[in-house]
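Asker: Encoded as structure tokens, here's the structure I'll be asking about.
The values are calculated or read from the model by the stated rules, or taken from the named source; none is laboratory data. All of these numbers come straight from a predicted model, not from anything done at the bench. Every residue, glycine among them, receives a Cβ derived from its backbone with ideal geometry; neighbour counts consider all protein chains shown. Quick note on the areas: whole protein, heavy atoms, side chains included, nothing else; ligands and nucleic acids left out. Shrake-Rupley method; radii C 1.70, N 1.55, O 1.52, S 1.80 Å.
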Amino acid sequence: MNNKETKGIELPANYEELKKSANRKSNWRERLDAIEELGQAKNKQVIDILTHIMNNDSVYKVQEAAYRQLKSLGEDVQMPARKKGELIKGLTKILVRIKKSLPENHTYHEFKDKLQKMRMDIYDTYEGEKGADFDKWLENTWSALSKR
């Protein structure tokens, strides 16, 4: 698509708000909603945002949504590959640090609450990625962490 095709199309009235929501790292659901709404405007700025999200978001569902919106806008894009391994670098080290900061006989729910308060970015990324299996995954990860 060339610039002439996209320049004449108006940005949504709430573009700045949608742009902030699309880049909010602590809420993958808000990013999904923003992508859906942004995808209604065929505009170069919108396409640039959607392309960036498609290529860089930490939650695969969000990348997929950006890909679908770009396709519906007629863009020639390829679906990004799903990341393997740790989605956030140093995850185990961060989780061990959180576990160590809690009393020795803390519960899984205390750990989960502290993770959510301290590192919403991690919590949000893995909740979005794991979906319904998030709690099971987090509890298994928590119980496998060493206290060292």
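Asker: Could you tell me how many of the residues in segment 85-94 are closer than 13 Å to THR125 by Cβ and assigned to a helix (DSSP H, G or I)?
Answerer: Going through segment 85-94 one residue at a time, the tally reaches 2.
Asker: Would you be able to say whether some residue in segment 100-108 is modelled with pLDDT under 95, over 16 Å from THR141 (Cα atoms) and either surrounded by 16 or more Cβ atoms within 10 Å (Cβ to Cβ) or touching a Ser or Thr at 6+ places or on another chain (Cβ under 7 Å) (or both)?
Answerer: There is no residue in segment 100-108 that is modelled with pLDDT under 95, over 16 Å from THR141 (Cα atoms) and either surrounded by 16 or more Cβ atoms within 10 Å (Cβ to Cβ) or touching a Ser or Thr at 6+ places or on another chain (Cβ under 7 Å) (or both).
Asker: Those residues that are in a loop (DSSP other than H, G, I, E, B) and either at positive phi or in contact (Cβ under 8 Å) with a residue 40 or more places away in the chain (or both), I need them from segment 45-72; list them, please.
Answerer: Result: SER58, VAL59.
Asker: Name every residue in segment 42-79 that is at pLDDT below 90 and closer than 22 Å to SER26 by Cβ, in order of residue number.
Answerer: SER58, the sole residue that qualifies.
Asker: State yes or no: is ASP57 crowded, with 21+ Cβ neighbours inside 10 Å and of a type in the set (Asp, Glu)?
Answerer: For ASP57, the condition - crowded, with 21+ Cβ neighbours inside 10 Å and of a type in the set (Asp, Glu) - is met.
Asker: Same structure again: GLU86: among the acidic types (Asp, Glu), closer than 28 Å to PHE134 by Cα and in contact with a Lys or Arg (Cβ under 7 Å, 6 or more places away or on another chain), yes or no?
Answerer: no
Asker: Residues of segment 65-81 being open to solvent by less than 60 Å² (accessible area, probe 1.4 Å), within 18 Å of GLY128 (Cα to Cα) and not aromatic (Phe, Trp, Tyr), which ones?
Answerer: Within segment 65-81, ALA65, ALA66, PRO80 meet the criteria.
Asker: Within segment 34-44, track down each residue that is charged (D, E, K, R) and in a loop (DSSP other than H, G, I, E, B).
Answerer: LYS42
Asker: For a quick check of your reading of the model, give me the residue pairs whose first member lies in segment 104-128 and is in a loop (DSSP other than H, G, I, E, B), whose second is among the β-branched types (Val, Ile, Thr), with beta-carbon atoms closer than 6 Å and at least 6 apart or on different chains.
Answerer: Taking only residues 6 or more apart or on different chains, not a single pair turns up.
Asker: May I ask you to say which residue of LEU18, LEU91 is over 22 Å from ALA144 (Cβ atoms), more than 12 Å from the chain's Cα centre (by Cα) and open to solvent by less than 80 Å² (accessible area, probe 1.4 Å)?
Answerer: LEU18
Asker: Can you say whether GLY128 is on the phi > 0 side of the Ramachandran plot, at pLDDT below 95 and either out of contact with any Pro (no Cβ under 6 Å at 6 or more places or on another chain) or aromatic (Phe, Trp, Tyr) (or both), as far as the supplied structure shows? Please lay out each step first, then the result.
Answerer: Values: on the phi > 0 side of the Ramachandran plot: no; at pLDDT below 95: yes; either out of contact with any Pro (no Cβ under 6 Å at 6 or more places or on another chain) or aromatic (Phe, Trp, Tyr) (or both): yes.
Criteria not met by GLY128.
Asker: Of the residues ARG31, ARG82, ARG97, ARG24, only one is under 15 Å from the mean Cα position of the chain (by Cα), in a helix (DSSP H, G or I) and of a type outside the set (S, T, N, Q); which?
Answerer: So the residue among ARG31, ARG82, ARG97, ARG24 that is under 15 Å from the mean Cα position of the chain (by Cα), in a helix (DSSP H, G or I) and of a type outside the set (S, T, N, Q) is ARG31.
Asker: Please go through segment 131-148 and pick out each residue that is of a type in the set (D, E, K, R), loosely packed, with under 14 Cβ neighbours inside 10 Å and part of a helix (DSSP H, G or I).
Answerer: ASP133, ASP135, LYS136
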